[in-house]
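Asks: One structure follows; several queries about it will come next.
Read-outs: derived from the displayed coordinates by stated rules, not from any lab. Bear in mind the structure is a predicted one, so any value in this text is a computation, not a measurement. For neighbour counting, all protein chains shown are included, and Cβ atoms are generated from backbone atoms with ideal geometry for every residue, glycine included.
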Amino acid sequence: MKPLKPPRAPLRRQTDYLLPHDSRWSRFKLSVVRFLMRRFGVPHDATDMIRSAMKLGNPTKTEWPAETLPMNSRLFASGFWNYSFFQFNRKFLPPLWAVEQYNPESESFLPRSHNILSMNQTQRNWVGIGFPGRSIEASVDMAGALMVFPGSYTVEFATVEGGRVIRPQNRSAEVKLVLKGPERVHCTWRGIAVEYIATEHGVRVRASGNKPVLIAIRPFNFEGPALLYRLAFAEKKKHLSGGADLTFDKSPDFSLVSDWKNGDALRRIGPLVRRLRNGKQHSHERHSAKDAIGLTTAAFYFARADNCEAEIADHQHDALPAPLKGKSAKHIISEYFENSLSAELPGEYSEWLAHAKNHLIALWDFDSIKPGSYTYHHFWIRDAVIMMYALLLMGAKKAVKPIIERFTGMVRSSGLFESQTGEWDANGQALWILAQYVRYTHDSSIILRMKGQIEKMISWIEKSAGQYGGVLPPGFSAEHLGPADWYLWDNFWALGGLKKIAPFLKPIGLEERALKQHDRLAGSLNRYLAEYSYLPAALGRGKDAGMIGSIAAAYPLQVAEFCDSRMLRTLDLIRDNYFFKGCFFQDNIHSGLNPYLTLQMAESYLYLGRTRQARQIVRSIKDRAQKAYTFPEAIHVRTGGGCMGDGFHGWASAESLILIRNLIAREVVLADGSEAIVWLSGFREKWLKQKISATNIYTPWSVASASLQEGLLEIGGISNSAKQIVSVPAGTLVMGADNSSPLPRVSHEIIGRSVSAERDYFLIDNHKHSARVRIVLPTTA
């Protein structure tokens, strides 16, 4: 068959997308599938519809992303279980998401008649807590329910008022969640405080307050069932065993274990407690139950919350890796995350930054980092590369090292970096973050150790592009871009990775090869894009929300060849057509406001000197943060709750940290090829009038600090290896602190090809390790 080549312009017809004929083998497989489906009574047109759907994308030989099958099969199974249970068993008290989605008075209400998969689509919000370096995190939803590990049963708390059980699930807006560190969260509600502390082997629960508290074990979690087939409470040992492993420090005043036939223990315990408080004896107290359906429940009553403290053990997962065993959480944080980036900024940005750091530490699994504590508890290089970059910017170089060292075993013999199956962005991403690691740590030994793998990765890019008209083949790429296509996202990551790593490949003789392939790939892309005035999602595609993937050329990659008028038009097209209420609305797949993609838009505008647009976007997404500054993958446009993916999204936390750091200081590659630190490029006039400070600002050349007070900017710890530039609103002067002479201006063309004239740039004399300059605003000049 003739080699496939991408289209050179937006297609008016779809014929070029489809394979001309099915092969004889594919027709045979289809006939077998149809035969089997007929045996089970499935109409043949259902097979045709599935087959047609799979052919709506571009032709591709890529494998289906196999890692999504277990995740999706669990989602579908839980959705069917939810549909079968919650609407018909109203006497069992449901989790928060089901309370909202089944309540017709709630904005989150969803009809169910034709939706036989009842899933959490409006309340996907939780806070992950993790003992640093442990591979498993616990999660706490917005009503304070604790999921001990991904997919586990939950532990809920409640209280008793006027003899009635009162649950925070029915009053979740009243619950306050305060993050005390990456491993602990403090919940307060109606005079009760409950603290969850992730430990080396599970979770510690501490309640406080002089009101009654109920602790309940529930066979439900944030997506559906977490079936418990047996529970038994031993009063003398104060220990609950079976599907859960919980030990109280003090005996509860009353306990009850129940099954599906006898009803929900949390619902039944209220009347029993009233009888107990009225001095009446009862003979119905049960301490054990078995249930073939998996609906055993338990509830424990303490007359005073102060008496409630328990240890929940997790025996299903490994404990800490060898280098961390025997160390406290405080010790590990001090060893791997000491002297991290911090800042005092207006408008709660300091709190946002502090929370983002804690979220990243919670998701750090020593030799891996995962973008979620539950649904996305998987390693994907696409998410990990941004999270690792954020760790480098906050100074956690030692924490990134064991993850990078795993790369040596993740390159196939073909040269494809194996993270997610059949997605062609992985090689560029691996090369890019490898280069960033060497830039920030100056540890080039990893390049020598990975010489063979790096050569294979470059060869894979060369061979793949050579077979497909000079660009990477069509593939699934990032799932929010659409079906298989000739995505610019994949190609831009290859360009960014090749360009960034090339200088570090000179000792192993691969620098010239990497740069040559970079130039060939960039040239091919530009030929195919010649008829475009913007950057589409994929070659041959027109304007759609998938264009968001193509802004990667600006941020984080700074691929200069594509940061021109096309990039600026792409950003404006996305903002004008695919924003809703100030945030990017991802119409493809997510169907919600996406926090990390919105922040990438802000970063791209910041890179092009359009601070006003960047700050507007940042404010919009900051206002949509959930409790403890958490974000889901996508936000429901009406309820503000999570509607897609993990409710504790590590990529979003990473982008938050990077953005706040880049508002203060960011690296850029200038038009002449040199590098510079641009200070204050995210500061508008309002911030320039306030008192601001930042310490431990990590750059590839030094660890810097900055303070601004009454117009005096002091920068410490700078290096003369990079130019130091101050960015201020147009019309503002930057002068030497000790004289009245303005600093030399830097032309916009030097900063970048499409940089806006709304900012002015001044060059700081950086022959010393510190600098003092005075900023004179037009209103004070």
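Asks: Given G549, A671, F492, which one lies farthest toward the positive end of the charge dipole of the chain, if we put +1 on the Cβ of every Lys and Arg and -1 on the Cβ of every Asp and Glu?
Replies: Looking along the dipole axis, the top candidate is G549.
Asks: In percent, how large is the relative contact order of the chain, given Cα pairs closer than 8 Å and 6 or more residues apart? Write out the running numbers ahead of the final one.
Replies: Numbers: 1658 pairs, mean separation 95.3, N = 781.
Result for the chain is 12 percent.
Asks: Still on this structure, I have one more. Could you tell me how many degrees, from 0 to 90 and to the nearest 10, lie between the Cα long axis of helix 349-363 and the main elongation axis, the longest principal axis, of the Cα atoms of the chain?
Replies: Result, in degrees: 70.
Asks: Once you mark the chymotrypsin sites (Phe, Trp or Tyr not before Pro) that are in a DSSP loop and have at most 10 other Cβ atoms within 10 Å, what is the longest gap between them in the chain? Intermediate values should be presented prior to the final figure.
Replies: Numbers: sites that count: F40, F88.
It works out to 89-781.
Asks: Next question, about the same structure. Run the dipole for the chain about the Cα centre, Lys and Arg Cβ at +1, Asp and Glu Cβ at -1, nothing else charged, and hand back the magnitude in debye, nearest 20.
Replies: 1320
Asks: Expressed as an acute angle from 0 to 90° and rounded to the nearest 10, what is the orientation of the C-alpha long axis of helix 426-441 relative to the principal long axis of the chain?
Replies: With rounding to tens, the tilt is 80 degrees.
Asks: How far is helix 595-607 tilted, in degrees, relative to the longest principal axis of the Cα atoms in the chain, given as a value from 0 to 90 rounded to the nearest 10?
Replies: Between the helix axis and the principal axis of the chain, the angle is about 20 degrees.
Asks: Given the rule -39500 (n - 2.57) for each run of at least 4 DSSP H residues, summed and divided by the residues of the chain, what is its mean residue ellipticity at 222 nm, to the nearest 500 deg cm²/dmol?
Replies: Numbers: 20 runs with 242 residues, N = 781.
After summing the helix terms and dividing by residue count, I get -9500 deg cm²/dmol.
Asks: Let me ask something else about it. Which entries in K689/K768; K357/K506; K211/K370; K237/K627; K290/K627 show an alpha-carbon gap greater than 29 Å? Could the numbers behind the result be given before it?
Replies: Numbers: K689/K768 26 Å; K357/K506 35 Å; K211/K370 39 Å; K237/K627 36 Å; K290/K627 37 Å.
Those over the limit are K357/K506; K211/K370; K237/K627; K290/K627.
Asks: For the chain, just say rounded, prolate or oblate: build the C-alpha gyration tensor, square-root its eigenvalues into a ≥ b ≥ c, call rounded for a/c under 1.5, and beyond that prolate if a/b exceeds b/c, oblate if not. It would help to have the intermediate numbers written out before the result.
Replies: Numbers: a/c = 1.98, a/b = 1.34, b/c = 1.48.
Oblate shape, in that a/c is at least 1.5 and b/c is the bigger or equal ratio.
Asks: Place +1 on the Cβ of every Lys and Arg and -1 on the Cβ of every Asp and Glu in the chain, take the dipole about the Cα centre, and give the residue among M450, A478, G409 whose Cα lies farthest towards its positive end.
Replies: A478
Asks: Apply the Karplus parameterisation 6.51 cos²θ - 1.76 cosθ + 1.60, with θ equal to phi minus 60°, to every residue of the stretch 393-407 and state each ³J(HN,Hα) to the nearest whole Hz, in sequence, with x for glycine and proline.
Replies: Residue by residue, the stretch 393-407 yields 5, 8, x, 8, 5, 5, 6, 7, 4, x, 6, 4, 5, 6, 4 Hz.
Asks: Another question, then. Express in nm, to one decimal, how much length is gained between S444 and R612 on full extension, taking 0.36 nm for each residue of separation and deducting their alpha carbon distance. Walk me through the numbers before you get to the answer.
Replies: Details: separation 168, 0.36 × 168 = 60.48 nm, distance 3.89 nm.
Working it through step by step, the gained length comes to 56.6 nm.
Asks: While we're on this one: Grab the beta carbon distance between S106 and R513, set R0 = 51 Å, and tell me the FRET efficiency rounded to 0.05.
Replies: Numbers: r = 59 Å, r/R0 = 1.16.
Working from the Cβ atoms, E equals 0.30.
Asks: Oh, and also: Might you report the magnitude of the Cβ-based charge dipole of the stretch 485-547 about its Cα centre, with Lys and Arg at +1 and Asp and Glu at -1, to the nearest 20 debye?
Replies: Values: 9 positive and 7 negative charges, 38 e Å.
Approximately 180 debye in magnitude.
Asks: Tell me whether the stretch 503-546 comes out rounded, prolate or oblate; compute the Cα gyration tensor, take square roots of the eigenvalues as a ≥ b ≥ c, and use a/c under 1.5 as the rounded threshold. Don't skip to the answer; put the middle values down first.
Replies: Numbers: a/c = 4.86, a/b = 2.79, b/c = 1.74.
Prolate, since a/c reaches 1.5 and a/b exceeds b/c.
Asks: Rounded to the nearest 20 debye, what is the charge dipole size of the stretch 531-639 about its Cα centre when +1 sits on each Lys and Arg Cβ and -1 on each Asp and Glu Cβ? Provide the component values of the computation, followed by the final result.
Replies: Working: 14 positive and 10 negative charges, 108 e Å.
Here the stretch 531-639 has a charge dipole of around 520 debye.
Asks: Another question about this same structure. Please report the spacing between the Cα centers of the stretch 171-206 and the stretch 715-740 in Å, no decimals.
Replies: Distance between centres, Cα-based: 44 Å.
Asks: Is the shape of the stretch 670-776 rounded, prolate or oblate, going by the alpha carbon gyration tensor and its root eigenvalues a ≥ b ≥ c, with a/c under 1.5 for rounded and a/b larger than b/c for prolate?
Replies: Numbers: a/c = 1.40, a/b = 1.05, b/c = 1.34.
Verdict is rounded for the stretch 670-776.
Asks: Efficiency by 1/(1 + (r/R0)^6): what FRET value for M49 and K91, r their Cβ-Cβ distance, R0 = 41 Å, to the nearest 0.05? Don't skip to the answer; put the middle values down first.
Replies: On the way: r = 40 Å, r/R0 = 0.97.
The pair M49/K91 has a calculated efficiency of 0.55.
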